[in-house]
Amino acid sequence: MSQAINQLKQWAKNSPNPVAKAIRNNWVRLNTLELPSIPVLHKGIYLAHKLVVNLFQSLSRRLYWSPVFKSQISGGKKLFLYSGMPQVLQPLSIHMGEGCRVSGISTFSGRWCSAERPELIVGDNVDIGWQTSIAVATQVILEDNVRMAGRAFLAGYPGHPLDAEARAAGAPDTEDQIGKIHLKKNVWLGTGVTVLPGVTIGENTIVGAGSVVTKDLPANVIAAGNPAKVVRKLLPDDCPQNLTRKPIEMRHHQDAESA
C-alpha cells in the first residue's frame, strides 16, 4: 500500500499527464482547503472541547496519576500533578511536603551505585516545572517555597566517568564527580538552569534563565551566567513585606486554569 502511494506521489510530481499537471498547479490550494469558521458555532464547539478536556484531565489526575505517583513517595499531601506523572528511576527515596505542584513531564532519578539509597527531600509549597530533571547522587533538598521553571536540571551525578576507556566500558561515575544539592527557602530557578554537584543556593536567591551554577550562591541575590555569578543583591523593594500570600489551594486552582 505504501509503495502504491509513493508511486502515485511520484506520478503527480513528475508526469506530463494533464491531470498530474493540474494537481501540481493547484496543490497549494488543495492542501490548504478548509471549512470557514462560523463564530457562534465554533466558539460553542471550542468551549465544549475545553470543558471535556479539563474534566478528563481533572478526573485522570485525581483518580489515576496522583495516587499512582504517591505510591512511589512519602508525604505529598495536597499534591497537584499536571500533564501526567513524573518518571521515577530507582533507586530513589522521595519525600514531598504539602501543597507541591509538579509537572508530569519531569524525571527524578537516583544514582544506582551509591552506597546508600539516594534521597530527594521536597518541602512545602514547591513548584517543579515541566521537563525538569533531578538526578540525585546522595541527597537533593528543596526547601519550602522553592520555584523551578521548565527544563531545570539538578545534576547531582553525571552518570559517566571522565576516563574515556572506563566510559566506553559502561563504568559508573566516580565519587569525586558527585555531590549533594541544596536549594534553601524561596529559591527561584529560571528556565533552563543547571545546578552542578555540591552546590548550595541560599535563601531567596534568584538564578536567571539558562545559567549554570557551579559553586555555592549566597542568600538574597540575583545570579546569572555560565558559570553563574552574583549580578546584584536583592533590595528591600524587591521583597515587599506587605504582600499577603495566597492560600496554596487558591494558587493551585488559578495555575490549573492558566496551564
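The values are calculated or read from the model by the stated rules, or taken from the named source; none is laboratory data. Because the structure is predicted, anything quoted here is derived from the model rather than measured. All Cβ positions, glycine included, derive from the backbone under ideal geometry; neighbour counts span all protein chains shown.
When 197, 172, 158 are screened for being crowded, with 19+ Cβ neighbours inside 10 Å and either assigned by TED's automatic domain parsing to the domain that holds residue 106 or part of a strand (DSSP E or B) (or both), only 197 passes. Within segment 99-132, if we keep just the residues that are farther than 17 Å from residue 158 by Cβ and at pLDDT below 95, the residue that is surrounded by the fewest Cβ atoms within 10 Å (Cβ to Cβ) turns out to be 115.
Residue 209: under 21 Å from residue 126 (Cα atoms), in a loop (DSSP other than H, G, I, E, B) and not charged (D, E, K, R), yes or no? Spelling it out, residue 209 is indeed under 21 Å from residue 126 (Cα atoms), in a loop (DSSP other than H, G, I, E, B) and not charged (D, E, K, R). Contact annotation: no residue pair with Cβ atoms under 6 Å, 6 or more positions apart or on different chains, pairs a residue in segment 176-187 that is without any contact (Cβ under 8 Å) to a residue 24 or more places away in the chain with a partner that is outside any loop (DSSP other than H, G, I, E, B).
Taking residue 151, is it within 16 Å of the chain's Cα centre (by Cα), assigned by TED's automatic domain parsing to the domain that holds residue 183, basic (Lys, Arg) and assigned to a loop (DSSP other than H, G, I, E, B)? Yes: the conditions hold for residue 151.
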